[in-house]
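Participant: Provided herewith is a single structure, encoded as structure tokens, for subsequent inquiry.
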Amino acid sequence: MIPFRSIVLGTTTAICAALAMLAFAEPVSFNAKDGVKIYGEFQRPEGKPRATILLFHMAGSNRQEYAPLAPVLNRAGFATLAIDQRSGGDLWGSVNQTAAKIKAGAGYADALPDLEAAIAYGNAQHSGPIALWGSSYSSALVFVAAARHPEVKALLAFSPGEYISGHSIEKEAAKLSIPVFITSAPDNDEILSAKALARAVPDHRAVQYVPHNGVHGSSTLRIDKDPQGASENWKHVMAFLDGAFPRR
């Protein structure tokens, strides 16, 4: 068995090396169907991409939530698109450009057109099949988007729940026929919410991972937010992605 300390050091080294690729992140913008301009960063991997992963942030947040995470995915062969949704804010010391440009505040459900615009943009890049990745409120919203878009081939949800007014996320999960990865903080309420959604996905296509050490949302993979659990949690994410999009 590999010592835990070696796993942490190895993952930390990989993440540090991946951060060197940040210079290749391309600022992009595109319009949602209602005309709102969406800002983001698109990043290609070296070589032929296995898939394009669309990265959506939590409440009060922005695309910088994925600054240390996208390069790890790029090194694993995935193109990534991280966006600023209109429902967000200035966490991570960065301005949410999309939210800053709109006059009125936006609720969680209002960000659905942003996700759909990101799907269209991702498809246009011809960088492989599309996977959706959501954090907190957006981890619920990705179920709605995936159910509407058959071009989505996999879904990863970090701390999902029934957060979206006017939508039953459990009913949306029941419409899916794609591989689904669901995880949460090791919190009883989050675990139960994740379990309900995993059970709703037909044909046992959902994997629920309950971490021993974890935090809410995608931050469970950030060493700065989850130093005890990030390395182990990454292993489970990568195992899912390898199953959904096998290495060639």
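The values are calculated or read from the model by the stated rules, or taken from the named source; none is laboratory data. Quantities reported herein were computed from a predicted structural model and do not represent experimental measurements. Neighbour counts run over all protein chains shown; Cβ positions are idealised from the backbone, glycine included. Ligands, DNA and RNA are stripped out before the accessible areas are found, and what is left, the full protein with its side chains, is counted by its heavy atoms. Shrake-Rupley method; radii C 1.70, N 1.55, O 1.52, S 1.80 Å.
Participant: Cβ contacts < 6 Å: first residue in contact (Cβ under 8 Å) with a residue 60 or more places away in the chain and over 13 Å from residue 213 (Cα atoms), restricted to segment 224-246; second residue open to solvent by less than 60 Å² (accessible area, probe 1.4 Å) and outside any helix (DSSP H, G or I), any location; separation 6+ or different chain. Result?
Facilitator: From residues that are in contact (Cβ under 8 Å) with a residue 60 or more places away in the chain and over 13 Å from residue 213 (Cα atoms), the pairs are 240/181; 244/154; 244/179; 245/50; 245/51.
Participant: Pick from 94, 136: which is touching a helix residue (DSSP H, G or I) at 6+ places or on another chain (Cβ under 9 Å) and crowded, with 24+ Cβ neighbours inside 10 Å? Spell out the reasoning first.
Facilitator: On the way: 94 fails: crowded, with 24+ Cβ neighbours inside 10 Å.
Result of the check over 94, 136: 136.
Participant: Same structure, new question: Go over the candidates 168, 177, 231 one by one and state the one that is polar (S, T, N, Q) and crowded, with 22+ Cβ neighbours inside 10 Å. Steps first, please.
Facilitator: Numbers: 168 fails: crowded, with 22+ Cβ neighbours inside 10 Å; 177 fails: crowded, with 22+ Cβ neighbours inside 10 Å.
After applying the criteria, what remains is 231.
Participant: Can I ask one more? Being open to solvent by 10 Å² or more (accessible area, probe 1.4 Å) and either charged (D, E, K, R) or outside any helix (DSSP H, G or I) (or both): is that true of residue 113 here?
Facilitator: Values: open to solvent by 10 Å² or more (accessible area, probe 1.4 Å): yes; either charged (D, E, K, R) or outside any helix (DSSP H, G or I) (or both): no.
No, not satisfied.
Participant: Also, I was wondering about something else. Show me the strands (runs of 3 or more DSSP E) found entirely inside segment 25-88 where at least 3 residues are open to solvent by 10 Å² or more (accessible area, probe 1.4 Å) and at pLDDT 95 or above.
Facilitator: On the way: elements: 26-31, 37-43, 51-56, 78-84.
Output list reads 26-31, 37-43.
Participant: As an exercise: evaluate residue 212 against (1) open to solvent by less than 10 Å² (accessible area, probe 1.4 Å); (2) in a loop (DSSP other than H, G, I, E, B) and give the number of the one condition it does not meet.
Facilitator: Result: residue 212 fails condition (1) only.
Participant: Just a yes or no: is a residue in segment 89-106 assigned to a loop (DSSP other than H, G, I, E, B), at positive phi and in contact with a strand residue (DSSP E or B) (Cβ under 9 Å, 6 or more places away or on another chain)?
Facilitator: Filtering segment 89-106 down to residues assigned to a loop (DSSP other than H, G, I, E, B) leaves 89-90, 94-96, 102-106.
Those still in the list that are at positive phi too: none.
The answer is no; no qualifying residue exists.
Participant: If I ask for residues that are in contact with a Leu (Cβ under 7 Å, 6 or more places away or on another chain) and under 23 Å from residue 184 (Cβ atoms), which ones from segment 108-130 would you list?
Facilitator: If the condition is that a residue be in contact with a Leu (Cβ under 7 Å, 6 or more places away or on another chain) and under 23 Å from residue 184 (Cβ atoms), then 108, 111, 112, 115 are the ones that fit.
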